[in-house]
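What follows is a set of notes on a single structure, which appears directly below.
Nothing in this text is a laboratory measurement; each read-out follows from the coordinates by a stated rule. Please read these numbers as outputs of a predicted model, since none were measured by experiment. Note that we place each Cβ from the backbone using ideal geometry, even for glycine, and neighbour counts take in every protein chain shown.
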Amino acid sequence: MQYVIIYLHGFLSSPRSQKAMQTLEFVRVNYPDLTIEIPQLAHYPKDAEAIIEQLIVKHKGKKLRFIGSSLGGFLSTFMVEKYSGKAVLINPAVRPFELLVDFLGEHINPYTQQSFSLENKHIDELRQLDTPTLKPKSDYWVLLQTADETLDYRQAETKYQDYKLSIEQGGDHSFQGFQRFLPDIFRFLLQD
């Protein structure tokens with residue numbers, strides 16, 4: 001059975017982010033026959049969910065594998081819990097509906113220059129995508145750096161304590177040195 005890798009970027013990011021581009025290049029060089037999707041996610045949670053689910057339908061019958069950064073890690077977890085599969089999560093958001101309350105209002109995506117307004121209804125949409133408990137058969141590998149300036153890494157450490165965790169001292173929210181992990185990430189994702 002074939003695999004599909006779906007890379008999900010974070011809030012105010014894009015498929016042109018450094019980690020997304022490093023991942024795409026790694027696949028191009030090392031796994032040229034592997035299907036990888038790196039969608040531009042909508043700024044609103046329900047719209048982002050619809051984009052991801054369209055990809056899942058498009059690749060029906062393939063084994064789902066996710067790489068999710070920050071808010072993309074939150075969305076990856078929701079998809080694994082709903083559809084099964086495996087995910088590597090990089091400094092994942094655990095409770096973004098609490099964090100993003102401080103971000104209500106107008107924003108411009110620095111990659112796309114698209115402007116949008118984050119409202120309370122979008123915080124409610126995020127709450128609907130929460131997965132407070134994880135299925136025992138789920139399969140995650142979580143990469144955390146303790147000096148993440150955006151998220152408290154301990155939230156993810158607690159939520160994913162029963163799964164594979166790699167916690168590095170220092171670093172930042174972008175996860176410094178991410179490319180070092182790419183060979184092991186793909187070994188993890190492409191084994192059953």
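In what sequence, highest mean first, do 105-117, 162-174 appear when ranked by Cβ atoms within 10 angstrom? Don't skip to the end; give the middle numbers.
On the way: 105-117: 11.8, 162-174: 13.8.
Highest to lowest by the protection proxy: 162-174, 105-117.
List, in order, the whole-Hz ³J(HN,Hα) value for each residue of region 155-167 obtained from phi through the Karplus relation with A = 6.51, B = -1.76, C = 1.60 and θ = phi - 60°; use x for Gly and Pro.
Each residue of region 155-167 in turn: 4, 5, 4, 6, 4, 9, 4, 8, 10, 6, 10, 10, 10 Hz.
Please report the relative contact order for the chain, taking Cα pairs under 8 Å with a sequence separation of at least 6, and give it as a percent rounded to a whole number.
21 percent
Place the peptides 124-137, 51-64 in order of packing, highest mean first, counting for every residue the other Cβ atoms within 10 Å and averaging per peptide.
Numbers: 124-137: 12.6, 51-64: 14.2.
The most tightly packed comes first, giving 51-64, 124-137.
Take the Cα atoms of region 3-189, build their convex hull, and give its volume per residue in Å³. Can you show the working numbers first?
Working: hull volume 20.4 nm³, N = 187.
So the per-residue Cα hull volume is 109 Å³.
Tell me what the chain gives for mean residue ellipticity at 222 nm when only DSSP H runs of n ≥ 4 count, each as -39,500 (n - 2.57), the sum divided by the residue total, rounded to 500 deg cm²/dmol. Kindly include the intermediate steps, with their values, before the conclusion.
Working: 7 runs with 68 residues, N = 192.
Value at 222 nm, helices only: -10500 deg cm²/dmol.
Give the aspartates and glutamates whose C-alpha is closer than 16 Å to that of K63, dropping any in the same chain fewer than 8 places away, or say none.
D33, E37, E53, E81, D139, D192
Work out the FRET efficiency for S84 and Y111 from their Cβ-Cβ distance, taking R0 = 30 Å, and round it to the nearest 0.05. Before the final figure, lay out the partial values.
On the way: r = 31 Å, r/R0 = 1.02.
The formula returns an efficiency of 0.45 here.
State the Kirkwood hydrodynamic radius of region 125-192 in Å, one decimal place, computed from all pairs of distinct Cα atoms.
Details: mean 1/r = 0.0744 Å⁻¹.
By the Kirkwood definition, the hydrodynamic radius is 13.4 Å.
Using 0.36 nm per residue, how much length does the chain from E149 to D162 gain when fully extended, once their Cα-Cα distance is taken away? Provide the component values of the computation, followed by the final result.
On the way: separation 13, 0.36 × 13 = 4.68 nm, distance 2.46 nm.
Extra length available between E149 and D162 comes to 2.2 nm.
Can you list residues whose amide H is under 5 Å from I67's amide H, if they're 5+ apart or on another chain and H is modeled 1.01 Å from N?
Amide H to amide H, under 5 Å and 5 or more residues apart or across chains, I67 pairs with I6, Y7, L8, V88.
Given a cut-off of 18 Å, name the pairs among K19/K121; K46/K82; K46/K137 whose C-alpha atoms lie farther apart than that in the structure shown.
Numbers: K19/K121 30 Å; K46/K82 15 Å; K46/K137 26 Å.
The answer is K19/K121; K46/K137.
Give the order of R16, R180 when sorted by the count of other beta carbons within 10 angstrom, beginning with the fewest.
Details: R16 13, R180 10.
Lowest to highest Cβ neighbour count: R180, R16.
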